[in-house]
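I have placed the structure first, in the form of structure tokens, so that the comments after it can refer back to it.
The values are calculated or read from the model by the stated rules, or taken from the named source; none is laboratory data. Computed from a prediction, not measured in an experiment: that's the story for all the values here. Ideal geometry is used to build each Cβ from the backbone, glycine not excepted, and the neighbour counts take in all protein chains shown.
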Amino acid sequence: MNVIETIDGVRAVRPELGRLALVPTMGALHAGHVSLLHLAKKHAQRVAVSIFVNPTQFGPREDYQKYPRPLDADLKKCEDAGVDLVFVPQASEMYPEGTPEIGIDLPSLSSQLEGKHRSGHFKGVCQVVAKLFNIVRPDVAVFGQKDFQQLRILSAMTSALNWPIEIVTGPTLRESDGLAMSSRNVYLSDEERQRALSISRALFLARGEFDSGVRQVIRLTATLRNTLLDSQRGRVQLLIDYVAAVDAMTLQTADLITRPTVLAIAARVGNTRLIDNVVLVP
Ligand code: AMP
């Protein structure tokens, strides 16, 4: 496994790699990331992973500094998963001083949900993924459904800018109790983790209602809200950033579910912000 910190280094080995799938990550790899590595292997002979906590996608009051960076453990997981190339640049390699600001914006997909609550977040995501695409030149890029708005925006960016890259999606991996795996779960105390379980519980309940025939969004989002707030008696409070039901392609809110629709929640438990979603297909 090649572990490379420089852009020139990646460019030097790229021709030997043939058909290549890239899995962009911020590290602190968990089984969800590893599932994407295995999925990547099914789509290309060679797999590259980038591990880069991208400063331009964090807001000033977000967790850029404290984001976990267990590099040795991450490299071990990549090695075990049969990864061929790991790109681990420093921020100064990706953003040398004096680089002019550049913004790729897809406002119709990024002004709602996460974009509304994390100003500038998707500009940063698009910027770093565009750079990674140009550096690694993958044939395939793999992203998780867990960050469905990011996935939708990056798919749209790739086709709008004519990158010849196939976008592949992996399902959300969960802990046995339903909590969506996330690098940020390590921030949760035991009590907070218990409280956070209401997020997946709410989504599964609403999905159950959908499965038994409910199509009105207002009913499903009421179930989401009620379930999230139901266990608010304990010491740990959960604050809802949003609950939403949006069209899986346009990300516009719907009243009635007639097309694939994403039920999405963003909530804060203690100081930790968590997101999760399920896709409903009528
Ligand atoms: P991150 O390191 O959080 O930026 O995530 C890197 C990639 O892993 C993104 O495409 C995420 O959507 C994906 N991912 C994060 N959590 C999960 C999960 N629980 N299951 C599957 N993929 C995930």
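Brief remarks on what is shown
- Subset of segment 104-154 that is over 21 Å from Arg273 (Cβ atoms) and either in contact with a Cys (Cβ under 8 Å, 6 or more places away or on another chain) or part of a strand (DSSP E or B) (or both) - its residue that is farthest from the ligand (Cβ to nearest atom): Asp105
- Neighbours by Cβ (under 9 Å, 6+ apart or cross-chain): first from segment 162-187, on the phi > 0 side of the Ramachandran plot; second surrounded by 19 or more Cβ atoms within 10 Å (Cβ to Cβ) and not in a loop (DSSP other than H, G, I, E, B): Gly178/Ile199; Gly178/Ser200; Gly178/Leu203
- Some residue of segment 35-49 being polar (S, T, N, Q) and either under 16 Å from the mean Cα position of the chain (by Cα) or crowded, with 17+ Cβ neighbours inside 10 Å (or both): yes
- Tallying residues that are on the phi > 0 side of the Ramachandran plot and either at pLDDT below 95 or not aliphatic (A, V, I, L, M) (or both) within segment 1-42 yields 2.
- Hits in segment 175-193 (condition: basic (Lys, Arg) and within 13 Å of the ligand (Cβ to nearest atom)): Arg184
- Residue match in segment 202-224 (condition: within 16 Å of the ligand (Cβ to nearest atom), within 30 Å of Cys126 (Cβ to Cβ) and either touching a residue at least 40 places away in the same chain (Cβ under 8 Å) or not in a helix (DSSP H, G or I) (or both)): yes
- The number of residues in segment 26-57 that are within 13 Å of the ligand (Cβ to nearest atom), under 21 Å from Asp80 (Cβ atoms), assigned to a helix (DSSP H, G or I) and not aliphatic (A, V, I, L, M) comes to 4.
- Candidates are the residues of segment 67-79 that are among the charged types (D, E, K, R) and touching a residue at least 40 places away in the same chain (Cβ under 8 Å); the one that is farthest from Leu22 (Cα to Cα) is Arg69.
- Residue within segment 166-180 that is in contact with a Gly (Cβ under 6 Å, 6 or more places away or on another chain) and surrounded by fewer than 19 Cβ atoms within 10 Å (Cβ to Cβ) present: yes
- When residues in segment 155-174 are screened for being more than 9 Å from the ligand (Cβ to nearest atom) and over 28 Å from Ile7 (Cβ atoms), 0 of them pass.
- Residue in segment 5-25 that is among the basic types (Lys, Arg), part of a loop (DSSP other than H, G, I, E, B), free of Cβ contacts under 8 Å to residues at least 40 places away in the same chain and exposed (fewer than 13 other Cβ atoms within 10 Å of the Cβ) present: no
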